[in-house]
Each structure stands twice: as C-alpha cells, then as structure tokens.
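Worksheet: the structure to be examined is printed underneath.
The values are calculated or read from the model by the stated rules, or taken from the named source; none is laboratory data. Treat the numbers as computed from the prediction; the structure is a model and nothing was measured. Every residue, glycine as well, gets a Cβ built from its backbone with ideal geometry; the counts of neighbours run over all protein chains shown.
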C-alpha cells in the first residue's frame, strides 16, 4: 500500500513536458511509478499527403534539440523506400553531422541538464579557491584554467547571483539537500566548468552550419547532402572551411578528454551507492549506426545493432525493425484510439488518432490503472526495452568490440566498481560520457576519411538519378533509422502515387518514457524509479537523478492540443 504519492510536474531540465508520479512505501522507497508525456506530437498527420522529399524538413522540427537526427532518419527512410544509394562522401558527411551533435549533446547534458542533480551550486560559495585549484589540477593536470585566482573570480560571480536573489535557471533547486555529497571545492570546480561548457557548445555546432547551412535544423537531401565541395572555390566548402572543422574537432577533443571525462569520474566517485539504484528493465535495444559506406551494411556499423535481455551480456540478439513481429506499439494506457484498443501495431500499420480520456486539468494525480500519457508503448517482441547510450555501450561491449571494452574497463577500473555497476542510474550517466570518448575519436577518423577522398579527386556528395517522381514505383514502403543521442530512432513511410500515404515515428523517449502495456510491463523510466530511496519527498532530487540520466526529450516523443482537448491548429495539404 502506497504511503505517499510524489508528483513532479513538469520535470525540468529536459526537452518537452514530462510528469512523473512516484508512490512511496512506508520505508520511504519508491514502490511504483508512472511516467506521463503531457503533450501531443501529431507530426504524422502533418506529413500525410506531402512530397516525401520534403519530409525531413518537417520531421527535423519535431524538436529544437534532436534536429539533425530526425532529418537523417527521414532521408534514409525515403531512400530505403525508393532504392536510392548515396555516395560515399555523403555518408561520411552524415556521420560527421551525427557525431557532432552527439558530442555536443552529451557534454551539454552532463553540465547543463544533469550535473545540478549531483552538484550543490550554493555550497560552492563556501569553497576555498586555492583548494579548488589543487583539486582541479589533480583531477585534470592538463586543463589550463585551474588557478586559485580563476576560481576566486567564478566564486565572486556566483555570489553576486545569490545575493541578488536572481538565480535565474538555478532558482528553486534543492540546495542543501542531504543527498548532495560533493565537497564545496568540487562544487565550485563543477560550476566553473558548467560555464566553460556553455561557452564551448556554440562553437562545435558550427560544423553543422558548414555542412548543413545552419543550425538548428541543418539541411539534408534525399540522395545525399546539399554540401557542394570545391577546395579551390570561394562559393563552396573549400579548404579554409575544412581546416576550420578540423580545429573545431581538436577543440572538442580537449573538452571531452581534459574536462568532461575527468569531471564525470570525479563526481561519480562520491556517489557509489548510485551504482545500485535505477537499473530498471535490464533489457536494452540498439538499431546501430555509423556505417562505413552504406546504411544497409550493418556489419560495418561503429555502433553495432542488437538486443540484450535480462542483463545477459553473453548473448546479443538480432533486431529487425522492418519485421512486423518485432517492433510494435500499443495504446492500452495512452490517450490514443486504435481500431482495437488492446491490439499492438507495427509502425507501417500504425495510426495516430488522439483521444484524451484523462482527468480534466488541473488535476492532482493520474490513474495508473487507466490511460495516463500521450506516449504510446512500443515493444520489441513483446519486451519493454531501454534505448540510449547505456544500451549502445552494453551492446558494443557484449559484441566484444575492443574500442568499447577499452573505455568501459578503464572507467570501471578507475572507479573500482564491477561491470554490474553499469546497470544503474550512475552507469547510465557514465555510459554517456564513455560514448562521447568514442564519438570524438570517430569524428576525427571520419573527417580524415573525407579529406582523403577529396584529395583523391572524389567530391561527389549526392546522387539525384532518382530525384524525379517519374522514376519511382507507384507504391513503396521504407524504413529509416539512426542512433540519436537519446537512443534508437525509427521512421517508417508508405509512399503512394508520389505522396506520403502514411508516416510513423518511434523516438527514443517513446521507448524509455512509455506507459505500461497491456501485460503491465512498465516503461524504462517507470521501472528505473522503483526501489529508489528518498530522503525528503518534498525535494525529490532522487527522482530527477534517475529521470535525467535518460536525458528525456518529450518534445520528440509526444505537440499541439489545448488543455481542454480543443484542436489548436489544422494543417490542410493542397
């Protein structure tokens, strides 16, 4: 019997609107939890009847964070349906765009979305700048900004914020909570690096503006990339621009290796108990990505595909998102209408018909036995699975890949914890950092590969031989996918008479934040919260730690109904 229900609505420091309700038992431990996406997406309805070559531009605007990955999955989806093979350079540029976002996104997540769950910002006011400098130099001897004067200046800036009472984005946090364990000097160091990462993140994304014309929402192209390259021209991507990209990658490598990873391991060392909390489902799925030449060759992926069930790292199961028996969605506890409400549908057969049956807002709590989310419940062969950096690192590790094993074993050794520590909230957070280490190396490799091709005279970035609709079949289905920063992302399209007949998107946060299914299986968020002890239910920092470890993106997962259920906009395609 639940003793207390803790409601967090909205969960902040995420993209989109998420509500979490946790039911505590008499010991103050979470015994049950529900995750509710509280806004509707509906992009599938906007796409119906449009030109499939334009789909990426609409899909990219699902979210202001995950922009490039939706464009990538969309163009791959259309290319798969129409049998289009892209040139090698286009594949490399797409890989560079993908890795650029992943590296930027992971660093932003750690410092700006997740670190404040572990770092007591106000505690930094009591730090000794000299001791902070000594700590910083021990954590990362190569990082240049670590003098006592530097940290004293950061502390003065922070003091002005606190004394003014205008904490801005730091307002209403749980400062002084007993769950915070970092010493004041570590907190001051983390605050300084928070500001440094904030300044840096706007630099690396310039790679998107060079290859994609702008950011957010860089340009893609069915058949390749719209990135004209001429090393001698002033009106195309030339050697000057490519040298700028090389410098940005080098700068990012310094941030990752000399600031992010040392900070991550330093913070983790103070919270060993969190290697036993937040494990959740124990099932992990990866579609795979970063092909050597062609997306159809899964054997060449830097991120290998596969599924792990019940934390069994000795067996990696194959995954096929085009198989109607593998990926299916249901709406038993969702605010949607299906032809058969208890049935599950493969995305090619999926429907998106909103039907709100929840309580009238504002409400105090949701009914976990009824419908309670705008997210559907996707399942792999009937299993609820977790997707994201932890899934990718575990699948790569289980595949026996040397690059994955090297970074994982090194981190486990430095923290002096067993491999089972990965199945946790802290393991999920650490996996994102370790993935970034791989990502920055792969980004350098992909760039060197592109330069080698260009020097060899290959500048082709697009194949437009099947651009005209007259070359298409009368009807076709396609599947496009990628491994977004938050996990496996899939787009499914049905093209008929040169237009989009249907389109379905299953995003990472739909997998992770999904409500229960008809069998009562919880989604990954819900399962991960169960068993979490809470020190102060009025200040639920423990809930935030686990939820933020997934880096939720509810804008992707679920858009545009009023609180009374009225349709706010109707898009008619002529």
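Things worth noting here:
- The set of residues in the range 300-325 being over 19 Å from residue 69 (Cα atoms) and buried (at least 19 other Cβ atoms within 10 Å of the Cβ) consists of 306, 307, 308, 316, 319.
- Number of residues in the range 128-152 that are within 11 Å of residue 259 (Cα to Cα), surrounded by fewer than 17 Cβ atoms within 10 Å (Cβ to Cβ) and touching a helix residue (DSSP H, G or I) at 6+ places or on another chain (Cβ under 8 Å): the value is 2.
- Of the helices (runs of 4 or more DSSP H) lying entirely inside the range 478-556, the ones with 1 or more residues being more than 28 Å from residue 353 (Cα to Cα) are found at 524-529, 541-549.
- Flag if residue 420 is touching a strand residue (DSSP E or B) at 6+ places or on another chain (Cβ under 7 Å) and either surrounded by fewer than 20 Cβ atoms within 10 Å (Cβ to Cβ) or assigned to a helix (DSSP H, G or I) (or both): no
- Filtered residues of the range 279-299 (kept if touching a strand residue (DSSP E or B) at 6+ places or on another chain (Cβ under 7 Å) and loosely packed, with under 15 Cβ neighbours inside 10 Å): none
- Among the residues of the range 457-477, the ones that are part of a strand (DSSP E or B) and out of contact with any helix residue (DSSP H, G or I) (no Cβ under 7 Å at 6 or more places or on another chain) come to 1 in all.
- So residue 65, is it at pLDDT 95 or above, crowded, with 18+ Cβ neighbours inside 10 Å and within 25 Å of residue 509 (Cβ to Cβ): no
- Considering the range 224-269, the residues that are in a loop (DSSP other than H, G, I, E, B) and in contact with a helix residue (DSSP H, G or I) (Cβ under 7 Å, 6 or more places away or on another chain) include one that is farthest from residue 530 (Cα to Cα), namely 231.
- Test: residue in the range 258-278 that is touching a strand residue (DSSP E or B) at 6+ places or on another chain (Cβ under 7 Å) and either within 24 Å of residue 108 (Cβ to Cβ) or surrounded by fewer than 23 Cβ atoms within 10 Å (Cβ to Cβ) (or both): no
- Of the residues making up the range 162-186, just one is in a helix (DSSP H, G or I), under 16 Å from residue 111 (Cα atoms) and modelled with pLDDT of 90 or more, namely 186.
- Only one of 498, 435, 483, 446 that is closer than 19 Å to residue 56 by Cβ and out of contact with any strand residue (DSSP E or B) (no Cβ under 7 Å at 6 or more places or on another chain): 498
- Among residues that are closer than 21 Å to residue 347 by Cα and surrounded by 16 or more Cβ atoms within 10 Å (Cβ to Cβ), residue 447 is not included.
- Any hit, the range 406-415, residues being part of a loop (DSSP other than H, G, I, E, B), over 19 Å from residue 508 (Cα atoms), assigned by TED's automatic domain parsing to the domain that holds residue 495 and modelled with pLDDT of 95 or more: no
- Subset of the range 57-101 [more than 24 Å from residue 388 (Cβ to Cβ) and under 20 Å from the mean Cα position of the chain (by Cα)]: 57, 58
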